[in-house]
Every structure is written in C-alpha cells, then in structure tokens.
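Take a look at the structure set out below.
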Amino acid sequence: MAAVGSSGPFKAWQSSEGCSDCVSLTHLDEANLLQNISLRYLQRKIYTYVSHVLLALNPYQDLQGLYGPDVMAPYQESVHSRQLAPHPYAFAENAMRGLRRGESQAILISGESGAGKTETAKIIIRYLEAGASQTEQGVIAMGRVLESFGHACTPRNKNSSRFGKLIQLRFSGTGCVHAHVTPYLLEVSRVVSASRSERNFHVFYELLASLSPSQRSRWGLTMRHKLLPNMRSPVAGLAELRDAMAVLGAGDLLEKALEILAGIIHLGDCIGEDDEASRASLSWASRLLGLDECQLRALVKSRLLTLPGQETIKVDRTPEQANSVLRSFVVTVYSRLFKRLVTVMNDSLGKGCQPGGQSAELALLDIYGFESLERNSLEQLLINLTNERLQLFFSQQVLAAEQEACVREGLPFKEVSLPRSGENVLSCLDSVLDKLDDFGIRRWRSFEQASDDGFCAATCKLRNEIIRPGCPQRGSGFAVRHYAGEVAYAADGWLDRNDGQALREVDELLQQSTLELVKQLTGTRFAPCRQFRSVSKQHRKDLDELLSRLSKSRLHFIRCFCPNSQQEPGRVESGYLLEQLRNYGTGQLLQVMHQGFPHRVPVRQVASSYGALLPQHLRKACSTQRLVEILMLAYGVPRNQWALGVTQLFLKAGQLATLDELARGGAEAFDPAVLAGAYRESVRLRWRKVINVVALIGYLARRAQRRKQQRRRLRGVFLAAIFLVRLRRSSAASSKANFARGEASRTIASPARVPGPGVLEDLGILAPLKRPRPGPSSAFAENGLLLEQAPKRRFISL
C-alpha cells in the first residue's frame, strides 16, 4: 500500500504560498493568522478567507491581472466559487445566485480609514454590472459623484469617505441594474471646521482647479480661501464629475450646484472677520445664492425678538453669535445640497424599476471605520457607536453561521458565549447620548445650566470601567473605552452639533432666493416656532432600521485592513496589522472557531487521501463516512476532538496536525489489532446510533400516546364541567319555582298581614326556630331518675 506524501491538501499552510483559508492552518491563533496573511500579501495575494469572512489588505498599488473580465469568467462559470482563489468576485457571485433564488443578500464592508472599503465596493459593483445582460454605468457614476461631495483628504487617507452609505441593488427582467443609495451621518461640520492637517470636501478643490482665471474672477474666487486649507496639493478637475453627472442625466444640476458652492466659499471668508474684505465676500455670496444682500447682512448682524404682549424689537448679535449664524447657514445649505443630489441620483437610477416587482435585493454597506482623531466630537462618537453596534452584530451573525453549518451537517450545536463588554459599552453610550439630548432640550427652554461644560460634567458622573473623566488641560471632556481602544472626546461643541434643526430665519431667507435650486433647499414645512431636533437620536433610529434590514438578508462579511501606517506598497508592519485584526473582531471570530470546530475537511477528500492506509477489504466493505470514522478511531484521536458530519469532517483547533502525522506514518502507523479494535468501535457506534434512533421512535410513540390520553381526559373533564354547570342551573331553577309556589299558597291562606319575626320575638310569642340539642338544660332528675323533657312546639298558635 502506497503511503500518502506530504503534498496533500493539508500541507498547504507549510508551503511558501500560504493558505487561502486560515481555518486550514494547523494551529489557529493570532500569530499564525498574521503570518499567513502577511506571507500572502508579500506575494501580491491580498485576499484571504477566515471561514465565512474575507480579509482584504490594501496593496497601495495597481495589481495587474487581479481584476477584469478574464478574472471574472471563472467565478461566473464555477459551480462552487469558494473553491477558487479568495476574491470579492466570489462573494458577488454567491450573492447573485442567492438573488436568483429569491433571497435578499447583503455584503458588509468594514475597516478603518484608508483600508480600501470604497475600492472594494467598486470592485463588487463592476462584477455585478458585468453579470447583467445590459451594462448600467449609472451606479459607477453615482459613486463618482458621492466621492466628490462626500469624501475628503485626511492624514491617514487621501480619499476618506466622510459618510456611510447603503447601496441597494435590484435587477430588472432585462438584467439592468437599478440602485438606491441611503447616506448615513455626513460629516457636514467639516465644511466650516476642517483642520490645517486635513482638507475640505473634494468638490471645492475640484471647482477651483477647473476654473480659468477669468472664470474665477467672474465668481469672485481666488486660489486662497478660509474654508479650503492645503490648496497646494494637486487635485483633479471637474471633467470626471461632469461626465458622471451627464450619465445620470443631471448635468444642468451640477452647474447650478457649483454656483452654490462658490457662494458657500465666500460665506466661509466672512466667519470670524468684520472688515472690508468680509463685506465684499458677503456681497458675492448673496449674489451667487440669489439672496438679497441687505437681508443676508441683517440675518447675520441682528435678530428679531418678540416679547409677550409687546412689539417686536431688534437685537444686535454678538460677534460669537454672528459667527455661529454663518456656520449654521453654511452647514445647512451644504447638507441640503448633498441630500438633493442623492435624491436626484436615486430618481435617475430607479427609472423603470418597479419597487414592488421584486422582493429580493442586494445591499452593499460601505460604512466608516473606527476613528480616533486629534479632536473628537459628536460625529466621532456616533461613528464609533456605529462600529460598536456593527461589531456586536458581526459576532452574533458569525455565531448564527456556525450554528447553521452544524445543523446542516447534522451535528449538535453547543452554545458559545461571547464577552458582554460590547453590550456594556453600548449601554453607556446610550446613556451619554440621552444626557446630551436632555441638555439640548434644556437649552431650548433657556435653562442656564444647559451648556457643554454641564454635559461633560454629567457624563463624568457615569464614571465606570468604560467612561472616565478627561484631561481639561488638553481640552478633553471625557474618555470612552471602545472595543478598538480608548478615545478622548472634546469638551465643547456638543450642544450645537447635536441640534439638527436649522434657524427659522435661514429657511425664510432661502425661500426668498431668486434661484430655483436654492429655493428647493428650504425645509418642506417649518413650524411657526423652532423646535429641538436631536442628531444623535435620529442617527440611532437610522442605525436600528439598518440593522433590522440587514438581519433579514443573507450576510457576507469583508474586512479591509491597512498593512502599514505609511501606506507603502509591499510592506507589512506586524504590530500595526495585528492591532487592526484584534480591533475588527478577528479575535472574536477565532474565539468562536476555537470553541467550535474550526477545521472543516470534505469527507471525500479525507477518504481519497488517506483511505489507502486501510486494508482493501475495509475500503470495499465500508462507505466513505465509515472509512473516515475508522481512520480517526484507529489513530486514537479523542472523541471530543472531532465530529463527522454529512459531507465534512470537523476538527478542533490543533487537530489538523493529526492528519499530517498520519500521512507521514503511512500504512505502518496502524497495527492490525488496532484496526480491528477501531472497526469494532465503529460497529458499536453504529449500533448505538441505531439504538438511539429506535429509542427515539419509541419515545415519540409513547409521547404521542400520552398526549392522546391527555386529550381524552381533558375532553372528559370538559364535558363533566359542562354537565355540572347545566345541572346546577336546572336545580336552581327548580328551587326558585318551588319557593314561588309556596309563597303563593301562604298568601292565599292568610291574606292578613302577619307581624314580622322581630316583633313576635320581642313579645315572646315566637319560639326559637331550631330544636335545642339534648343536654343538661333539656333534662331534669326526679327521685333519682333522669327524665327527658317533652319536645317543644316550633310555633305557638295565635
């Protein structure tokens, strides 16, 4: 009998190519996981599986031959795409096949800033469009528009997405792709508060880079403006953006939007300034936005105050209040312009798509990663809250996938416990945001204690292992220990950022604009008095709806990572990468795999690779599953370290090396007596299963008989209860009839009125109604004899 060499499928982890699925590693731990994906990354293999999850490392360069129609073809033609090399194409193909079966699919892409989430989403969208019978370029064009208006340059990522988005894709009967995008929490405060080490949204720089000097002078623009730091960095022009908007059929809307952006740039030059240049910028802004300059200036400099029972008076604003109004105006206009563009794109991509015609859809979630910046405020807290929720959701869904695999293979599923730290953090963050909403309401009610300092002080009173006071010298109000590390949050700006309701005066002024697009940026209906609207509450509500929608779909997880902090190609920083693996749930995934059976090997593959070690009569007489069972028993693998499913052999962590030792030992590894004992044990296990099945059938039969008897008894009790109720009702009716006849006869015999019982007792005429019991009082002694009294009559004749 020929021995099996070490070139079998279980030695891939020792080869120079690494292992495409980390669950096939002999020792499944963080060190071997890190070594495996690092080895593959240096070989330009940036994708690796960990069970149901795809890990992707950003290459920071274009990899030839990794994408394109030639690479797509094998995944489109393969029956089992997971048998091919790890790739987002495999996830996209599995999602497409699920859609054809009528199942809703969802692909969740997560990772820190700069890890390549947006590019991964583009790769999946291109594959989906290539699989459609008619290519729809609108989805890619929509992504290009969102990049200009929603992405910015940060120290860690030159194309950082400053909002989250859910792209819902549907496929019509002709194969066309129809999309709908839902944005989440645009960091619109960046328009007025971009730091010097970062940049504003791309579209502002693209606008200035594409304008000629004469065009810039026509709008009063220069190459230096207050809202646009770091203008020296090269940027692309508007050519790609114009092409994308033309594909969407909204080219005219873009030109009008660019004019509004020019007005926003001029308004930014007025913040914190009160000189001739700022007044000129205010004039340019009013002209570009179609507003009356006097009304705009009056909005910034003063406000109208109406006192109860008195006339309206005009009150001048302080410089701080004037700057706050300008910032609010800029933020309101830009956020509503962004929403308007999203609405137009959704309308364009939804043409011809019947919402109720197809229930199944593919959702592609590209969400922001965990953030810890130099200055962290409400936006960063909500972003980290989202990542906490998604991390807990990820762990729960991985557990569900493991349970589904065990049930599908006919294995008993043992409950796997996860740490409750995630739930504790979420509970604390909800308490913090509830306090923030409470302080926001207090401020609208003109309570003096409603301030940012008061909110931070109230938050610090929740001090526990998750929340601790910050460092006032560094401008920190409090710190939170998230799953990815501790983050210090600023002490100011909370109440303003949490107020999502625009000033009524701003809506009224925008309504009077001469530009139709600016008029469309006003609220659909504003209340007569301004009310508080919580940004954090709305975001939590949107997040609940998002997770509820995802939980109804079949999920596919893609985790993106940065291999090094310098964003250099072909270089791996082990410590930096390991920290990301821990932060984004890979450690919890390994924990789940360790508590279960992390190694899964097809039964046929084990039988074909190691069946030659068994005698020929066993190979002929036994089935594939029984051969694998005899192999494991003969080699002495503990029974609790492996389980045999319908199509796969499940092994505990570290037990994959057993098969390698078995291959090295060859046929001499088994003694005939050991094989005979293993065969007997296999027969015994088979008989035990048969006995268990027979016992189960008997138990079910007895249980069915008992339930039948119980139903009979319950029926008898029910009928008896009904009979007793009817009997009592009949007896009560007879008693009432007899009593009525007796009363009628007494009335006829003695029509005269008889005094009541109480009167007769007072007169001594009525004797006691009850006969007294015989006793000392009812007998007397005479001549030594005990004589009994004669019974008294009950009634005395009148």
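The values are calculated or read from the model by the stated rules, or taken from the named source; none is laboratory data. In this text the structure is predicted, and so the values were computed from the model without any measurement. FYI the Cβ positions are ideal-geometry reconstructions off the backbone, even for glycines, and counts take in every protein chain you see. Surface areas here come from the heavy atoms of the whole protein model, side chains and all, with no ligands, DNA or RNA. Shrake-Rupley method; radii C 1.70, N 1.55, O 1.52, S 1.80 Å.
Among the residues of segment 422-466, the ones that are in contact (Cβ under 8 Å) with a residue 12 or more places away in the chain, closer than 18 Å to residue 492 by Cβ and either assigned to a helix (DSSP H, G or I) or of a type in the set (A, V, I, L, M, F, W, C) (or both) come to 17 in all. With the condition kept exactly as written, say whether any residue in segment 32-39 is touching a Gly at 6+ places or on another chain (Cβ under 8 Å), open to solvent by less than 40 Å² (accessible area, probe 1.4 Å) and modelled with pLDDT of 90 or more. Looking for residues that are touching a Gly at 6+ places or on another chain (Cβ under 8 Å), open to solvent by less than 40 Å² (accessible area, probe 1.4 Å) and modelled with pLDDT of 90 or more, one finds at least one in segment 32-39, hence yes.
So, residue 217, is that one buried (at least 19 other Cβ atoms within 10 Å of the Cβ) and either on the phi < 0 side of the Ramachandran plot or without any contact (Cβ under 8 Å) to a residue 60 or more places away in the chain (or both) or not? Considered against the rule, which asks whether it is buried (at least 19 other Cβ atoms within 10 Å of the Cβ) and either on the phi < 0 side of the Ramachandran plot or without any contact (Cβ under 8 Å) to a residue 60 or more places away in the chain (or both), residue 217 comes out as no. Take residue 464 and decide whether it is polar (S, T, N, Q), open to solvent by 20 Å² or more (accessible area, probe 1.4 Å) and modelled with pLDDT of 80 or more. Yes. For residue 44, the stated conditions do not hold, so it cannot be described as without any contact (Cβ under 8 Å) to a residue 60 or more places away in the chain and in a helix (DSSP H, G or I).
In a residue-by-residue description of segment 269-289, the property of being closer than 23 Å to residue 198 by Cα and either small (Gly, Ala, Ser) or in contact with a Gly (Cβ under 9 Å, 6 or more places away or on another chain) (or both) applies to at least one position. Residues in segment 151-168: is at least one closer than 21 Å to residue 238 by Cα, hydroxyl-bearing (Ser, Thr, Tyr) and in contact with a Leu (Cβ under 7 Å, 6 or more places away or on another chain)? Within segment 151-168 (the criterion being closer than 21 Å to residue 238 by Cα, hydroxyl-bearing (Ser, Thr, Tyr) and in contact with a Leu (Cβ under 7 Å, 6 or more places away or on another chain)), the answer is no, since none of the residues qualifies.
In segment 481-491 there is at least one residue matching the filter, namely being touching a Pro at 6+ places or on another chain (Cβ under 9 Å), among the aliphatic types (A, V, I, L, M) and open to solvent by 20 Å² or more (accessible area, probe 1.4 Å).
Restricted to segment 267-286, and to residues there that are closer than 15 Å to residue 330 by Cα and touching a residue at least 24 places away in the same chain (Cβ under 8 Å), the residue that is surrounded by the fewest Cβ atoms within 10 Å (Cβ to Cβ) is 272. When residues in segment 621-652 are screened for being more than 41 Å from the chain's Cα centre (by Cα) and among the polar types (S, T, N, Q), 2 of them pass.
Picking from residues in segment 495-513 that are in a helix (DSSP H, G or I) and at pLDDT 90 or above, the one that is most open to solvent (accessible area, probe 1.4 Å) is 511.
Here is a yes/no grid of residues against (1) open to solvent by less than 10 Å² (accessible area, probe 1.4 Å); (2) in contact (Cβ under 8 Å) with a residue 24 or more places away in the chain:
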| residue | (1), (2) |
| --- | --- |
| 60 | no, yes |
| 66 | no, no |
| 83 | no, no |
| 116 | no, yes |
| 121 | yes, yes |
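Residues that are surrounded by fewer than 20 Cβ atoms within 10 Å (Cβ to Cβ) and at pLDDT below 85 number at least 1 in the following strands (runs of 3 or more DSSP E) confined to segment 288-405: 302-306, 312-316. Per the listing 87, 151, 52, the residue uniquely under 30 Å from residue 190 (Cβ atoms) and either crowded, with 21+ Cβ neighbours inside 10 Å or under 27 Å from the mean Cα position of the chain (by Cα) (or both) is 151.
When restricted to residues that are touching a helix residue (DSSP H, G or I) at 6+ places or on another chain (Cβ under 9 Å), surrounded by 13 or more Cβ atoms within 10 Å (Cβ to Cβ) and within 12 Å of residue 46 (Cβ to Cβ), segment 561-579 contains 4.
Just checking, does segment 57-68 include any residue being part of a strand (DSSP E or B), in contact with a Pro (Cβ under 8 Å, 6 or more places away or on another chain), closer than 30 Å to residue 380 by Cβ and not acidic (Asp, Glu)? Among the residues of segment 57-68, at least one is part of a strand (DSSP E or B), in contact with a Pro (Cβ under 8 Å, 6 or more places away or on another chain), closer than 30 Å to residue 380 by Cβ and not acidic (Asp, Glu), which makes the answer yes. Does residue 211 fit the bill of being surrounded by 15 or more Cβ atoms within 10 Å (Cβ to Cβ), without any contact (Cβ under 8 Å) to a residue 24 or more places away in the chain and either within 17 Å of residue 338 (Cβ to Cβ) or of a type in the set (S, T, N, Q) (or both)? No: the conditions fail for residue 211. In summary, residue 544 fulfils each of the numbered conditions (1) closer than 26 Å to residue 109 by Cβ; (2) in contact (Cβ under 8 Å) with a residue 12 or more places away in the chain with the single exception of condition (2). The selection criterion, being farther than 22 Å from residue 188 by Cα and assigned to a helix (DSSP H, G or I), does not hold for residue 259. Counting only residues that are more than 18 Å from residue 86 (Cα to Cα) and modelled with pLDDT of 75 or more, segment 1-27 holds 1 of them.
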